[in-house]
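The values are calculated or read from the model by the stated rules, or taken from the named source; none is laboratory data. Everything numeric here is computed off the predicted structure, so don't read it as measured data. As a convention, Cβ positions derive from the backbone with ideal geometry for all residues, glycine included, and neighbour counts pool all protein chains shown.
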Amino acid sequence: MRAIVYDTPGDESVLHIGETERPLAGRNDLRIAVTHAGVNRADLLQRQGLYPPPPGASTIIGMECAGRVTEAGSATEGWSVGDRAMALLPGGGYAAEVAVDWRSAMHIPDALTDAEAAALPEVYLTAFLNIFLIGRSRSGETILVHGGGSGVGTAALNLARLAGIRVIVTVGSDAKAARCMELGAIDAINYKEESFGSRAREISGRGVDMILDNIGASYLAGDLDALAPDGRLVIIGSMGGERRAPLDFNVLLSKRIQITGSTLRSKSNEARGSIIAAFLEQFGAAMNEGDVKPIVDRVFPLSETAEAHRLMKSSAHFGKIVLRIDS
């Protein structure tokens with residue numbers, strides 16, 4: 001089958017279309033003929049040799065996809081050949097076919113195109129897991145989301161607005177700030193121009209209740225400054241590059257702050273299934289109505305995967321970047 005491959009880790013130029021073996025599909029698996037695959041920042045790290053897939057997962061890049069079911073294993077439930085499906089993957093998305101545990105897949109509603117569906121699983125389930133299940137955010141609270149114009153950021157804005165949660169975002173440009181405000185953010189802080197910690201406290205009045213942070217160590221002091229008493233900090237990445245940061249225990253203790261590290265990719269099939277079931281229970285009806293819908297910045301053909309990675313690296317996009325897997 002056709003897939004994006006690379007011989008050695010490196011920059012975008014190492015990516016090319018090649019032929020690989022079709023994935024094996026077991027009794028718990030769906031085989032999906034992929035029409036589109038989402039691009040995520042973790043894909044760039046994997047290409048560079050910095051973020052290997054979990055043991056046993058496909059070594060092909062790609063953590064989400066959309067397409068049609070061509071085979072349903074004997075132990076799967078609720079799936080038939082021909083069904084439209086979008087799936088959360090530990091790897092393998094940049095390919096003509098994937099095999100995925102049925103619990104990691106969702107039916108695509110009529111309200112979503114395949115390109116939109118491919119842009120949904122990774123970022124929406126990341127936002128849902130960390131804001132609602134781990135971060136325990138609820139209606140009436142105020143949260144801070146770093147990278148408001150990213151895939152996870154725009155997903156967080158979408159879900160939080162539906163749940164009655166106020167969102168402040170950080171962004172890198174005034175243009176992205178304006179677009180986040182259009183999506184429902186109560187304010188947007190340009191981190192290049194002002195301190196987000198003190199500004200978030202000023203906007204919220206007392207500090208934010210929860211922070212979704214994909215930057216990591218370099219933002220820790222600002223995060224602690226921004227949080228209200230009993231605030232929760234959920235760290236989902238280290239895009240800032242630093243691996244260590246000093247921790248002010250006086251602030252941590254006096255505010256009773258909780259800090260949690262979180263990743264989605266390495267979770268078991270059972271855990272993924274539980275997260276998806278909880279997501280569908282809370283937001284499935286809204287998704288079917290078209291109220292849960294990813295922002296797709298641009299769709300690239302598979303032959304231009306390198307260019308898609310360059311756009312992701314530049315952070316010039318807003319929302320999601322998607323690949324079209326040509327037949």
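Reported count of residues in the stretch 226-251, each being under 24 Å from Val167 (Cβ atoms), assigned to a helix (DSSP H, G or I) and at pLDDT below 95, is 1. Filtering the stretch 11-51 to residues that are more than 18 Å from Ser315 (Cβ to Cβ) and touching a Cys at 6+ places or on another chain (Cβ under 9 Å) leaves Ile32, Val34, Thr35, His36, Ala37.
Taken as a whole, the condition of being at pLDDT below 95 and either surrounded by fewer than 21 Cβ atoms within 10 Å (Cβ to Cβ) or not assigned by TED's automatic domain parsing to the domain that holds Asp174 (or both) does not apply to Ser303.
Of all residues in the stretch 95-128, those satisfying the criterion of being more than 16 Å from the chain's Cα centre (by Cα) and surrounded by 24 or more Cβ atoms within 10 Å (Cβ to Cβ) are Ala95, Val98, Val100. The residue pairs whose first member lies in the stretch 73-86 and is in contact (Cβ under 8 Å) with a residue 24 or more places away in the chain, whose second member is β-branched (Val, Ile, Thr) and surrounded by 17 or more Cβ atoms within 10 Å (Cβ to Cβ), and whose beta carbons are closer than 6 Å, counting only pairs six or more residues apart or on different chains, are Trp79/Val69; Asp83/Val69; Arg84/Ile108; Ala85/Ile32; Ala85/Val69; Met86/Ile108. For the stretch 135-158, check the following and say yes or no: at least one residue is assigned by TED's automatic domain parsing to the domain that holds Asp209, more than 24 Å from Arg243 (Cα to Cα), in a helix (DSSP H, G or I) and in contact with a Gly (Cβ under 7 Å, 6 or more places away or on another chain). Checked the stretch 135-158: at least one residue is assigned by TED's automatic domain parsing to the domain that holds Asp209, more than 24 Å from Arg243 (Cα to Cα), in a helix (DSSP H, G or I) and in contact with a Gly (Cβ under 7 Å, 6 or more places away or on another chain).
Just to be sure, is Leu112 over 27 Å from Val98 (Cβ atoms) and among the aliphatic types (A, V, I, L, M)?
On the way: over 27 Å from Val98 (Cβ atoms): no; among the aliphatic types (A, V, I, L, M): yes.
No; evaluated as a whole, the condition is false for this residue.
Among all positions in the stretch 128-145, there is no residue which is closer than 23 Å to Ala308 by Cβ and touching a helix residue (DSSP H, G or I) at 6+ places or on another chain (Cβ under 8 Å). Among the residues of the stretch 55-95, those identified as closer than 27 Å to Thr263 by Cα, out of contact with any Gly (no Cβ under 9 Å at 6 or more places or on another chain), assigned to a loop (DSSP other than H, G, I, E, B) and modelled with pLDDT of 95 or more are Thr76, Glu77. Among the residues making up the stretch 36-54, those that are touching a Lys or Arg at 6+ places or on another chain (Cβ under 9 Å) and in a loop (DSSP other than H, G, I, E, B) are Asn40, Tyr51, Pro53, Pro54.
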